[in-house]
2 protein chains.
Amino acid sequence: VSIQAPKGTRDFYPETQRIQNFIFEAWKRVCLRYGYEEYEGPIFEDLELFTGKSGDEIVTQLYNFQDKGGRDLALRPEMTPTLARLVNQKGQNLRKPFRWFSIPRLYRYERSQKGRLREFFQLNMDIIGTDSIHAEADLISAIIALLKEFKLEAQDFQVGISSRKLLAAVLSDIGISDSATVLPLLDKRAKMPPEKFEDSLQELGLNSEQINSINEFMKCTHLNQMKTLALSDNAKKALEELEILFEILTESNLEQYIAIDTSVIRGLAYYTGIVFEVFDKNKSMRAIAGGGRYDNLCEKLGGDPVTGVGFGVGDVVLKDLLSEKNLLPLSDLNGPDFYLIDFGENFRTLFAIAAELREQDICCTHDLVPKKIQKQLENAHKSGAKHVLFCGSDRSGSDQYEVKNLQTGVQKTIQRQNIKAYLNEQPE
Amino acid sequence: VSIQAPKGTRDFYPETQRIQNFIFEAWKRVCLRYGYEEYEGPIFEDLELFTGKSGDEIVTQLYNFQDKGGRDLALRPEMTPTLARLVNQKGQNLRKPFRWFSIPRLYRYERSQKGRLREFFQLNMDIIGTDSIHAEADLISAIIALLKEFKLEAQDFQVGISSRKLLAAVLSDIGISDSATVLPLLDKRAKMPPEKFEDSLQELGLNSEQINSINEFMKCTHLNQMKTLALSDNAKKALEELEILFEILTESNLEQYIAIDTSVIRGLAYYTGIVFEVFDKNKSMRAIAGGGRYDNLCEKLGGDPVTGVGFGVGDVVLKDLLSEKNLLPLSDLNGPDFYLIDFGENFRTLFAIAAELREQDICCTHDLVPKKIQKQLENAHKSGAKHVLFCGSDRSGSDQYEVKNLQTGVQKTIQRQNIKAYLNEQPE
């Protein structure tokens, strides 16, 4: 039997799980601070939920299987289809708009490589049921707060923002009404030489005027550059949304974290409005997070037309970035409040003392079999315990214990009933 | 596209997820209080990890499939095989004994019914690497603390304890050296008429003396009754373990939660020593928790011989029991600290104020589009917010805000910089 985890998956020994928890807890803290409510769904869904959203091609990237009842199922590769299903299931009974978050475990059958695994976690935050640009403002503010929560700063990351709606309007204005053929090229533009990009557009039948216009749009890095290109009513409306978004985020003192980034296309995905991606400042890693507005998903999956906007942050790239910036917590001092040390008088008394302490919400542990005091002290240190409590030092029957702070080395004698008070007195 | 979750799985809308979190958080709190460290593993493993432990028959109860690389995988039906794999993977590099816990999501392809779903959560606590009965004491103490953490009392549940080692010794003493044929019958004894039980033993070739001895053992409800039956050295040693276990738990004031229960066999599973199950006091539901000592698992899965003891508590039966006893939390008052109310002057200012509050670790939310004050107040109440903050009431430029406690109805005027102080002053 193999002792390895299946390819593309991870084992989380306690020292690694502590780091996962550090990430999950920060994610959750920020979501709650923003008033988002947590939800979850099954890890597998009917396969058609995913093909219904993304087409049959998605199947090659899924862990899909037939269960013993002949149902076609797939491990979820993303959370949004489940979210749309939940929205469709409750229909009118769900008060909208609402803000929800989830921390799903997700699965993609693809080549595992740096920043990309077959099994990973993702935080998803979504606002469902309003077409107001305020939803985007709320979410982008949250994503910045999320990254700041890990002590990442404006010099570490940037939220690149664009608008699929504006792009579609600009394309339409120059005579390209179906953007589907052009989008994949725009998506790859940043990674190809300019001539190759232009040649490819030409091959699609675009004339040089159209190609120039596209290049002009793609070179925009500021809203006011876009203004000169947004000529039709549709383009102006789309641009106005972007302007309001930047205004709100600027008023919230977040302007140093955001920028117009026309290279953010989000592939061929289902986005219909604002799209955004977060990258480390050097763009040396994969995207840390990405999202945008999707108008048609619920309807496409059989429900009413309900608009949504949301983003996902994966745990893998984020952890790589935090590790690079030395922002992951050290694993010391995560141990219990007390390590109980037995003086060799009545080892089993440790269990009763431990039970009593735990009733007072004190975290404690001890060896499981009698050991020499020196060995127990070693184990106390290894456990990351903050204090040791010498049990059996109450020979006098006076119920007094010796305690020692393992950080400061300070040792003192306290009454049994004062153990909780002793803990509360300790400086952080 | 179906709007239903796949059969045997659950959707967790926020009101349900809150209850899940209530359970998970209590589980985690107690584990940490007992000094257990969290670990996790992949949701799917090589199929042979499970057949290697439980035999090929297990496959009928698994979600198993081939991935696109031809690997035979299965969604984990329990956590212990993964735990054993982790132990085998690190081998000597893992300091033992250790206490670990995990809250895995698990999958069983079986008929879903009350208390049993195809996708569920389970808390697992295990101690690996010591054969001392102290490990069982630690775990059973923890399981009682876990249930007490939910305000369940001695009148609500009982930990039934038995010893497979003692049972095997007693059977061997009466000439039954291979207990494998008898165990399934003993497991079902409580659910069949006495005559049927005896007939079935007779069919297996047992004589009436043997049957009487078995009945005598199975009727034991106290340690001292067992004493008269434990005659061989092996039986005496096994009994002594049980006695020490009861002694320690009694010294820890836990005697009212535990009882000898010979009907606890734990099926044909891999247990080799103490076994235990927790039932609601009327035994009207499925087991709330169960576990025991397993000596051979790591070795069976290709590692060194390492002993372990552990238990699992599922979320489904526990939630049913807590619901029946009215011990699940009400969903009120889980909302943010503040709901910001806009006076219709500059709606977008809400975002800046919210950002400022959140920087101070204050949870807040607000409407996403301008609404009448009355409607915003309604939404504040529905969100479960504790307070409302009327924004735009600082017309004077004096940076004063009206705040209202939604529980007490008390309204007051505070300075913008004192909002955090105001919150801290509020009674719980």
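The values are calculated or read from the model by the stated rules, or taken from the named source; none is laboratory data. Bear in mind that the values here come from a model prediction, so they are computed numbers and not experimental data. Using ideal geometry, Cβ is built from the backbone for each residue, glycine included, and neighbour counts are taken over all protein chains shown. Each accessible area value is taken on the protein alone, full model and side chains, heavy atoms only, with ligands, DNA and RNA left out. Shrake-Rupley method; radii C 1.70, N 1.55, O 1.52, S 1.80 Å.
Numerical summary
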quantity	calculated
Lone qualifier among B:Ile265, B:Ile248, B:Ile288 - being modelled with pLDDT under 95, hydrophobic (A, V, I, L, M, F, W, C) and open to solvent by less than 10 Å² (accessible area, probe 1.4 Å)	B:Ile265
Among residues of segment B:88-97, those that are part of a helix (DSSP H, G or I) and at the interface with chain A (Cβ under 9 Å from one of its Cβ atoms), counted	4
Whichever residue in segment A:291-348 is among the small types (Gly, Ala, Ser) and closer than 27 Å to A:Ser383 by Cα and, among such residues, is least open to solvent (accessible area, probe 1.4 Å)	A:Gly335
Matching entry among B:Ala168, B:Ala154 (being open to solvent by 10 Å² or more (accessible area, probe 1.4 Å), at negative phi and under 22 Å from the mean Cα position of the chain (by Cα))	B:Ala154
Segment A:1-57, residues that are more than 8 Å from chain B (Cβ to nearest Cβ), over 16 Å from the mean Cα position of the chain (by Cα) and more than 23 Å from B:Phe98 (Cβ to Cβ)	A:Gly8, A:Leu47, A:Phe50, A:Thr51, A:Lys53, A:Ser54, A:Gly55, A:Asp56, A:Glu57
A:Arg116 open to solvent by 10 Å² or more (accessible area, probe 1.4 Å) and modelled with pLDDT of 95 or more	no
Out of A:Lys196, A:Lys148, sole residue that is without any contact (Cβ under 8 Å) to a residue 60 or more places away in the chain, closer than 30 Å to A:Asn21 by Cβ and part of a helix (DSSP H, G or I)	A:Lys148
Count of segment B:58-75 residues which are open to solvent by less than 10 Å² (accessible area, probe 1.4 Å) and within 7 Å of chain A (Cβ to nearest Cβ)	2
Single match in A:Glu78, A:Glu48, A:Glu110 (criterion: surrounded by fewer than 20 Cβ atoms within 10 Å (Cβ to Cβ), in a loop (DSSP other than H, G, I, E, B) and modelled with pLDDT of 95 or more)	A:Glu78
Single residue of segment A:247-280 satisfying the filter (touching a strand residue (DSSP E or B) at 6+ places or on another chain (Cβ under 7 Å) and assigned to a helix (DSSP H, G or I)) that is nearest to the other protein chains (Cβ to nearest Cβ)	A:Leu249
Meets criteria (of a type in the set (Val, Ile, Thr), open to solvent by 10 Å² or more (accessible area, probe 1.4 Å) and within 24 Å of B:Asn21 (Cβ to Cβ)) for B:Ile143	no
Some residue of segment B:205-224 being in contact with a strand residue (DSSP E or B) (Cβ under 9 Å, 6 or more places away or on another chain), within 24 Å of B:Val159 (Cα to Cα) and assigned to a helix (DSSP H, G or I)	yes
Pairs where the first residue, in segment B:411-428, is free of Cβ contacts under 8 Å to residues at least 12 places away in the same chain and the second is of a type outside the set (Val, Ile, Thr) and in a strand (DSSP E or B), C-beta under 6 Å, 6+ apart	B:Gln411/B:Lys404
Looking only at segment A:204-243, and only at residues there that are open to solvent by 30 Å² or more (accessible area, probe 1.4 Å) and hydrophobic (A, V, I, L, M, F, W, C), the one that is farthest from B:Ala352 (Cα to Cα)	A:Leu204
Matching residues in segment B:362-379 - criterion: being out of contact with any Leu (no Cβ under 7 Å at 6 or more places or on another chain) and more than 7 Å from every other protein chain (Cβ to nearest Cβ)	B:Asp367, B:Pro370, B:Lys371, B:Lys372, B:Ile373, B:Gln374, B:Lys375, B:Gln376, B:Leu377, B:Glu378, B:Asn379
Condition check for B:Lys412: within 39 Å of the chain's Cα centre (by Cα), modelled with pLDDT of 90 or more and either away from chain A (no Cβ under 14 Å) or farther than 24 Å from A:Leu249 by Cβ (or both)	no
Residue within segment B:14-31 that is part of a loop (DSSP other than H, G, I, E, B) and surrounded by 22 or more Cβ atoms within 10 Å (Cβ to Cβ) present	no
Criterion violated by A:Ile103 - all others in (1) over 30 Å from B:Glu45 (Cβ atoms); (2) of a type in the set (Val, Ile, Thr); (3) within 11 Å of chain B (Cβ to nearest Cβ) satisfied	(1)
Verdict on A:Ser162 being of a type in the set (S, T, N, Q) and either surrounded by 21 or more Cβ atoms within 10 Å (Cβ to Cβ) or modelled with pLDDT of 95 or more (or both)	yes
Checklist (1) charged (D, E, K, R); (2) assigned to a loop (DSSP other than H, G, I, E, B); (3) within 30 Å of B:Arg358 (Cα to Cα); (4) touching a Phe, Trp or Tyr at 6+ places or on another chain (Cβ under 9 Å) applied to A:Arg10, failing item	(3)
Some residue of segment A:334-343 being among the hydrophobic types (A, V, I, L, M, F, W, C) and either in contact with a Lys or Arg (Cβ under 7 Å, 6 or more places away or on another chain) or within 11 Å of another protein chain (Cβ to nearest Cβ) (or both)	yes
Total residues in segment A:1-37, condition acidic (Asp, Glu) and touching a strand residue (DSSP E or B) at 6+ places or on another chain (Cβ under 6 Å)	1
Helices (runs of 4 or more DSSP H) (entirely within segment B:311-388) containing at least 2 residues that are β-branched (Val, Ile, Thr) and at pLDDT 95 or above	B:315-324
Test: residue in segment A:151-167 that is more than 14 Å from chain B (Cβ to nearest Cβ), small (Gly, Ala, Ser) and not in a strand (DSSP E or B)	yes
